[in-house]
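The values are calculated or read from the model by the stated rules, or taken from the named source; none is laboratory data. Please read all numbers here as calculations on a predicted model, not as lab measurements. Cβ: placed from backbone, ideal geometry, glycine included. Neighbour counts: every protein chain shown. Protein only, heavy atoms only, side chains kept; ligands, DNA and RNA dropped before computing areas. Shrake-Rupley method; radii C 1.70, N 1.55, O 1.52, S 1.80 Å.
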Amino acid sequence: MRKPIIAGNWKMHKTVAEALSLISDLDKLVTAEGKAEVVVCPPFTALYPARGILGSSAIRLGAQDVFWETQGAYTGEVSPAMLQDAGCKFVIIGHSERRQFFAETDETVNKKLKAAFAQGLIPIMCVGETLAEREAGDTERIVGSQAKNGLDGLSAEQVAGMVIAYEPIWAIGTGRTASAEDANAVCSFIRRSVAAIFGGAVADALRIQYGGSVKPDNIAELMAKSDIDGALVGGASLNAVTFAKLVNY
């Protein structure tokens, strides 16, 4: 049985003080007995301080991006070893905003996945189509290609232990949400695509999240679907009470 995973992507929000306050408030609202695994992904500057107050909390720490080398002359980048040292367990890779603004490609996503695994981090790999691609009927072609290329060269064990987040780009921060049926259809397609490459057991173990304007009023319907195993949450994760409502759906 796949354990649901609800992850908050804070993006470029929260100073260190604000981040610690939010985590402290959230920790009071989330228990270890919850039915979902809970992850928060603050900006890089808040990761190490967050580790200090999470302690034995049920909340896990994640980063929003990573570089594919362990060290070197890569100004401005953060390595998997640095994230592990800061207390991270998870790392988001290939978010559409990284693809859009920072030239992320399927190839660099693949390199980052391999680097994350080498350091013991659990990747959350994002895939998703634009509105134009969706309206052209290209959703499965685009999402399938992103998934196949991103997972290239990984072992079955690695894929079974990671997370894929389906985030339709047209629904991120727009207030528009894919219907639960449409979201589940794409998540199901992703699972079938993984099964075709790595086998049914791996696909059955793989957790697939939906992301895109997830809110307390739609989380239960989304989570009731067969192939949606959690949510990657943006704006709604910036408020402890709101995010806790998602976690406790």
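Can you tell me how region 117-175 classifies by the Cα gyration tensor, rounded, prolate or oblate, using a/c under 1.5 as the rounded cut? Since a/c reaches 1.5 but b/c is at least a/b, the shape of region 117-175 is classed as oblate. Look at the Cα gyration tensor of region 194-249: its axes a ≥ b ≥ c give a/c of at least 1.5 with a/b over b/c, and that counts as prolate.
Quick one: if the Förster radius is 35 Å, what FRET efficiency do Thr105 and Val16 give, using the C-beta to C-beta distance and rounding to 0.05?
0.65
Here the chain is assigned +1 on the Cβ of each Lys and Arg and -1 on the Cβ of each Asp and Glu. Its dipole about the Cα centre then comes out at about 420 debye. Less than 11 Å Cβ to Cβ from Leu61, Lys/Arg counted +1 and Asp/Glu -1: what total charge do the surrounding residues give? Net local charge, Leu61 excluded: +3.
Shown for the chain: the carbon plus sulfur share of the solvent-accessible area, taken with all protein chains present and a 1.4 angstrom probe, equals 51%. Filter Lys114/Lys215; Lys89/Lys111; Lys14/Lys111; Lys28/Lys225 down to the pairs with a C-alpha to C-alpha distance above 25 Å, please. Distance filter (> 25 Å) returns Lys114/Lys215; Lys14/Lys111; Lys28/Lys225. Annotation for region 9-26 versus region 142-210: alpha-carbon center distance of 28 Å. Residues Lys245, Lys28 ordered from highest to lowest accessible area at a 1.4 Å probe: Lys28, Lys245. Entry for the chain at q = 0.17, 0.18 Å⁻¹: log10 I(q)/I(0) = -1.35, -1.52, Debye formula applied to identical alpha-carbon scatterers, no solvent contribution. Partner aspartates and glutamates whose Cα lies under 17 Å from the Cα of Lys148, excluding those fewer than 8 positions away in the same chain, are identified as Glu104, Asp106, Glu107, Glu129, Asp138, Glu140, Glu157, Glu167, Asp204. For Phe102, the accessible area of its heavy atoms, probed at 1.4 Å with every protein chain present, is near 120 square angstrom.
Entry comment: accessible area of region 49-137 is 47 Å² per residue, from protein heavy atoms only and a probe of 1.4 Å.
Taking a ≥ b ≥ c as the square roots of the Cα gyration tensor eigenvalues, with a/c under 1.5 meaning rounded and otherwise prolate when a/b beats b/c, else oblate, which class fits region 1-46? Since a/c reaches 1.5 but b/c is at least a/b, the shape of region 1-46 is classed as oblate.
With q set to 0.12, 0.26 Å⁻¹, the log10 of I(q)/I(0) for region 153-221, from the Debye formula over equal scatterers at the Cα positions, is -0.35, -1.08. Look at the alpha carbon pairs under 8 Å that are at least 6 residues apart: their mean separation over the length of region 68-130 gives a relative contact order of 43 percent.
Please give every one of the aspartates and glutamates within straight-line cross-link reach of Lys35, meaning a C-alpha to C-alpha distance under 12 Å, and leave out same-chain neighbours fewer than 8 residues apart. Cα-Cα hits under 12 Å: Asp229. Residues in region 180-240 average 35 Å² of solvent-accessible surface per residue, probe 1.4 Å, ligands and nucleic acids excluded.
So for region 101-224, averaging the separation of alpha carbon pairs under 8 Å that are six or more residues apart and normalising by length, what relative contact order in percent results?
27
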